[in-house]
Amino acid sequence: MIELKDIYKIYGDGEGEIRALDGVSLNISGGEFVAIVGQSGSGKSTCMNIIGCLDVPTSGTYRLNGTDVSTMKDDELAAVRNKMIGFIFQQYNLIPKLTVKENVELPLIYRGMPAKERAKRAMEALEMVGLADRCTKMPSMLSGGQQQRVSIARALAGNPSLLLADEPTGALDSKTGREVLEFLKKLNEQGNTIVMITHDNEIAKEAKRIVRIQDGKIISDEKGRE
């Protein structure tokens, strides 16, 4: 599903050149649960931005489901993101003035989906995360863990090929973070492909595969817990 080949992301030039990614090659198959782990400044966020089609590499090739997205323009990348990638963010990124259901529907509106189909998809996704009975509530009425589950439902509603989770437990207490992580593992068991970005080694160990990045290079690629 994900094919990164000799990816470089370079900022500046000459003595001021920064290689945020320095020749990264990585393949991820459909159905995997992969953690990309590294400390601040390691290149993991840059790697996430390229995998998520939020940025393009300076050089190298990125194929997503067989499509070369490494040289696409912004509007083309936006279309790929909307159709193929579901994002789960550390800070949830819910719109305070919209209900839970309306938040889940939002990416489907951008896709141009008819209202009836949007509503059906949103409720199915909320059912999956156990929050269908909270569909008319505002985000402020939910706990942090519930808000993160709403963001997961929003990611699932578009039936994406890939779920990209950026520090998904970072804003949660340890108990709630564990619950969200267990839910992600359950989604993976159901066939969803998940790439999780984290700086936390203990969180990373829960993935089936751990890719460690340092100074813009992959330094290890190993199995996680079964």
*Could you give the dipole magnitude of the chain about its Cα centre, charging the beta-carbon of Lys and Arg +1 and that of Asp and Glu -1, in debye to the nearest 20?*
820
*Would you please give the FRET efficiency between Lys205 and Ala171, computed as 1/(1 + (r/R0)^6) with r the Cβ-Cβ distance and R0 = 25 Å, to the nearest 0.05?*
0.80
*In degrees, nearest 10, range 0 to 90: what is the angle between the Cα axis of helix 174-189 and the longest Cα principal axis of the chain?*
80
*Extension gain Ser220-Asp74, at 0.36 nm per residue separation less the Cα-Cα distance, in nm?*
49.4 nm
*aspartates and glutamates whose Cα lies under 18 Å from that of Lys101, excluding same-chain neighbours fewer than 8 positions away*: Glu117, Glu124, Glu127, Asp133
*Considering only Cα-Cα distances, which of the following residue pairs are longer than 19 Å: Lys9/Lys73; Lys83/Lys205; Lys44/Lys83; Lys186/Lys208; Lys97/Lys137; Lys44/Lys217?*
Lys83/Lys205; Lys44/Lys83
*Local charge sum around Gln147 (other residues, Cβ-Cβ under 11 Å, Lys/Arg +1, Asp/Glu -1)?*
+4
*May I ask you to evaluate 6.51 cos²θ - 1.76 cosθ + 1.60, the Karplus curve with θ = phi - 60°, for each residue of the stretch 5-10 and list the ³J(HN,Hα) values in order in whole Hz, giving x for glycine and proline?*
10, 6, 7, 10, 10, 10
*Long-range amide H contacts for Gln214: which residues qualify at under 5 Å (H placed 1.01 Å from N, peptide plane, sequence gap of 5 or more or a different chain)?*
Ile219
*Output ³J(HN,Hα) for the stretch 125-131: one whole-Hz value per residue in order, computed from phi by the Karplus curve 6.51 cos²θ - 1.76 cosθ + 1.60 with θ = phi - 60°, and x for Gly and Pro.*
5, 5, 5, 4, 9, x, 10
_Karplus 3J(HN,Hα) series, Hz, for the stretch 33-47 with 6.51 cos²θ - 1.76 cosθ + 1.60 (x for Gly, Pro)_ = 10, 10, 9, 9, 10, x, 7, 4, x, 6, x, 5, 5, 5, 4
*For the chain, with the dipole built from +1 on Lys and Arg beta-carbon atoms and -1 on Asp and Glu ones, taken about the Cα centre, which of Met128, Phe33, Thr198 lies farthest toward the positive end?*
Met128
*asked:* Can you tell me what share of the DSSP beta bridges in the chain is antiparallel? A percent to the nearest 5 is fine.
replied: 55
*Quick one: compute the contact order of the stretch 166-226, relative version, from alpha carbon pairs under 8 angstrom and 6+ residues apart, as a percent.*
24
*Other-chain or far-sequence residues with amide H under 5 Å of Arg209's (modelled H)*: Phe33, Ala35, Gly224
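Bear in mind that the values in this text are calculations on the coordinates, not laboratory data. Please read these numbers as outputs of a predicted model, since none were measured by experiment. Note that we place each Cβ from the backbone using ideal geometry, even for glycine, and neighbour counts take in every protein chain shown.
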